[in-house]
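Below you'll find the structure, written out as structure tokens, and then a few comments.
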Amino acid sequence: MLEWMDVWDGAALVWFFAVWAAYTAYADHGPAHARSITAAMNARRRAWMHEAARRDLRMIDTNILGNLLTGVGFFSSTTIFVIGGLIAMIGVADQSALALARLPLTDATQPAALEVKTVGLLVIFIYAFFKFAWAFRLANYCSITVGGLPAAVDGDSAHSRRMAEVAAMLSARSGHHFNRGLRAYFFALAALGWLIGPAVFAVLTTGVALVLYRREFKSKALSALRDLNP
């Protein structure tokens, strides 16, 4: 181990990555994905695009797409500011370590340890930025595809249905990567606990996973969406 990292720090770090990876595999790639709020929303996206293909005036659809782009763009730009703040924090690790030492229940932190932990946070937010940026591009591609939908009189043609399916797929992939970025934010909040101590780090990691599970698989929003989907 490094001088500042004892066995508890190492165990908490391993637990963090194990929980994040296991939850991602469970929620996005396992059989449970079909029961998630993401899957329910993808069904709504598909229904929306097929309805848009049959609509004469698509101002409603363009407004919705614009709102989605605004949300993704907000998180993309915000993440850049967070990354800048973390880079600045690395440059003042000595002062930051002294400030953290004054907090109650906080383990004494060496400047070198704080630098490494801050770099860990920086990596998480860089990952989140790439996810948000790709989600933004996919949302743009979806908007362009919707703009190319045939006239409403051809809304039930094979070509129109195919374009609606492609638009729904692009929207779903945008939502997928946006969700990954948000998940990184949640786990970054857990990683902040490592600045206090390994026990807090491990507890917050478990708590984040439970909160995400509750929202994606047991929320009232999911129950409402299930009532809409056949």
Is at least one residue of segment 23-32 exposed (fewer than 15 other Cβ atoms within 10 Å of the Cβ) and touching a residue at least 12 places away in the same chain (Cβ under 8 Å)? no
Criterion first (part of a helix (DSSP H, G or I), closer than 23 Å to PHE186 by Cβ, modelled with pLDDT of 85 or more and within 20 Å of the chain's Cα centre (by Cα)) does TYR127 satisfy it? yes
Give me the residue from segment 201-230 that is without any contact (Cβ under 8 Å) to a residue 40 or more places away in the chain and among the basic types (Lys, Arg) and, out of that set, nearest to ALA184 (Cα to Cα). ARG214
Per the list (1) under 17 Å from the mean Cα position of the chain (by Cα); (2) open to solvent by 10 Å² or more (accessible area, probe 1.4 Å), residue check on SER171 breaks on (2)
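Of these, ALA128, ALA172, ALA191, ALA133, which one is touching a Ser or Thr at 6+ places or on another chain (Cβ under 9 Å) and within 14 Å of MET41 (Cα to Cα)?
Only one candidate passes the filter, namely ALA172.
Residues are listed down the side, and each one gets a yes or a no for (1) within 21 Å of GLY85 (Cβ to Cβ); (2) of a type in the set (D, E, K, R); (3) open to solvent by 30 Å² or more (accessible area, probe 1.4 Å); (4) at pLDDT 90 or above:
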site	(1), (2), (3), (4)
LEU103	yes, no, yes, no
ASP107	no, yes, yes, no
ALA135	no, no, no, yes
GLY147	no, no, yes, no
PRO150	no, no, no, no
I need a count of the residues in segment 45-74 that are among the charged types (D, E, K, R), surrounded by fewer than 15 Cβ atoms within 10 Å (Cβ to Cβ) and assigned to a helix (DSSP H, G or I). 1
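The values are calculated or read from the model by the stated rules, or taken from the named source; none is laboratory data. Remember, predicted model here, so these are calculated numbers, not experimental data. Because the Cβ atoms are built from the backbone with ideal geometry, glycine has one as well, and the counts that use them run over all protein chains shown. Each accessible area value is taken on the protein alone, full model and side chains, heavy atoms only, with ligands, DNA and RNA left out. Shrake-Rupley method; radii C 1.70, N 1.55, O 1.52, S 1.80 Å.
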